[in-house]
Amino acid sequence: MHIDKLLDSVKQQAQSNINEITLSVTSSWEQGRTLYGGISASLVYQAMREAVNSEKVMRSLSTNFIGPIQANSEFTISVEVLREGKNVTQVVGRLVQDNKVAVMSQASFGIARESKVNVPNNLQHNMDYPQKPKLMPHIPKVTPKFIGNFNLAKNKGGWPFTGKKESDLHGWMRFKEQPNDFSDAHLIALIDIWPPTVLQMLRWPTMASTMSWNLEFIHPHQKISGSDWFAYQAHTRQAADGYAHTEANIWDKHGSLVAISRQVVAVFA
Ligand SMILES: CCCCCCCCCCCCCCCC(=O)SCCNC(=O)CCNC(=O)[C@H](O)C(C)(C)COP(=O)(O)OP(=O)(O)OC[C@H]1O[C@@H](n2cnc3c(N)ncnc32)[C@H](O)[C@@H]1OP(=O)(O)O
């Protein structure tokens, strides 16, 4: 099931003034007992996006993954605009399946204003754009299905369960089947695709789930094509007690920083 089909359904239902958007996602997006977090966050975001004037763009998105979402089973997404100011609109989105809240997101959408403050981003990634990418291997019964929707090419760090000592992960990512019109919803779905940084330190397959995700988008975004690669560099700040705290920077193909991401991941090992 291509992401565009899901996003289009959210848009159509929101534009028909349906308050509770109803969807179901096929198992091609499964991650163990739940759905890939990038797809559920992206769908909730899209529903929130439809409730806000398009001049305001998403500047921050905080998502809590509260409980598992079953594939091939209906869920609803509802949105509440908490406050609409001249510049900023604050929105919450909630995904519910079987009367249980599975995802809660809160987003701030802000308009671009004239400003005397201008601090450019000088952080660069120094990775060559992938010409002959070394893609993540597919290992039956180990590689979750959702990864099949993307291409991942690693530059630094290890693949999951390879017993590495390091806990940083760098590389390039893109959609395998390119979206028609690349939007911020696609970028959200893409950024979560890397396995949690600490899984490379383990020797055996184990469960891990993102618990919470704070994402900031740096605007303006340049025109993005659906086949573009994005650079990703993630760093583990700390991990103990079964939780890892990680942060990542994401650049577009022109080397512009487009997002800053921070996650808390529950690791069951
Ligand atoms: C060489 C190349 C190799 C390539 C190889 C590639 C491998 C590549 C790995 C990628 C790994 C991606 C990781 C993506 C990151 C998200 O995208 S995850 C999706 C988004 N997150 C979610 O949906 C989480 C929703 N929230 C929750 O499920 C719960 O709140 C939390 C976060 C798991 C909290 O845990 P809790 O309170 O302990 O929850 P509870 O319901 O009591 O369940 C705990 C049990 O669930 C299990 N569990 C946790 N997550 C899962 C899961 N997804 N599925 C099944 N069981 C799970 C735990 O292991 C634990 O098992 P037991 O100890 O009972 O045996």
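A short reminder: the numbers here are calculations on the coordinates, not readings from a lab. Quantities reported herein were computed from a predicted structural model and do not represent experimental measurements. Note that each Cβ is placed from the backbone with ideal geometry, even for glycine, and that neighbours are counted across all protein chains shown.
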Burial-style ranking of 64-71, 89-96, average other-beta-carbon count within 10 Å with highest first, yields 89-96, 64-71
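If the only charges are +1 at each Lys and Arg Cβ and -1 at each Asp and Glu Cβ, what is the size of the charge dipole of the chain around the Cα centre, to the nearest 20 debye? Intermediate results must be reported in sequence, preceding the final value.
Numbers: 27 positive and 23 negative charges, 137 e Å.
Its charge dipole is roughly 660 debye.
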When His219, His170 are arranged by how many other beta-carbons sit within 10 Å of their Cβ, fewest first, they go His219, His170
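Report, in debye and to the nearest 20, how large the dipole of the stretch 1-125 comes out about its Cα centre when Lys and Arg carry +1 and Asp and Glu carry -1 on their Cβ.
440
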Taking every C-alpha to C-alpha distance in the chain and binning by 10 Å from 0, the per-bin percentages run 7, 30, 38, 21, 5, 0
Between the residues Ala269, Thr246, Ser227, the Cα farthest towards the positive end of the dipole of the stretch 180-269, that dipole coming from +1 and -1 charges on the beta-carbon of Lys, Arg, Asp and Glu, is from Ala269
The rounded separation in angstrom of the Cα centers of the stretch 48-77 and the stretch 224-259 is 20
Protection proxy (average C-beta count within 10 Å per residue), highest first, orders 41-49, 104-112 as 41-49, 104-112
From the cross-link list Lys132/Lys253; Lys5/Lys223; Lys156/Lys223, the entries with a Cα-Cα span beyond 19 Å are Lys5/Lys223; Lys156/Lys223
Stretched fully, the stretch from Asn99 through Glu20 gains (0.36 nm per residue minus C-alpha distance, one decimal, in nm) 27.2 nm
Going from the fewest other Cβ atoms within 10 Å to the most, one would list Arg113, Arg59 as Arg113, Arg59
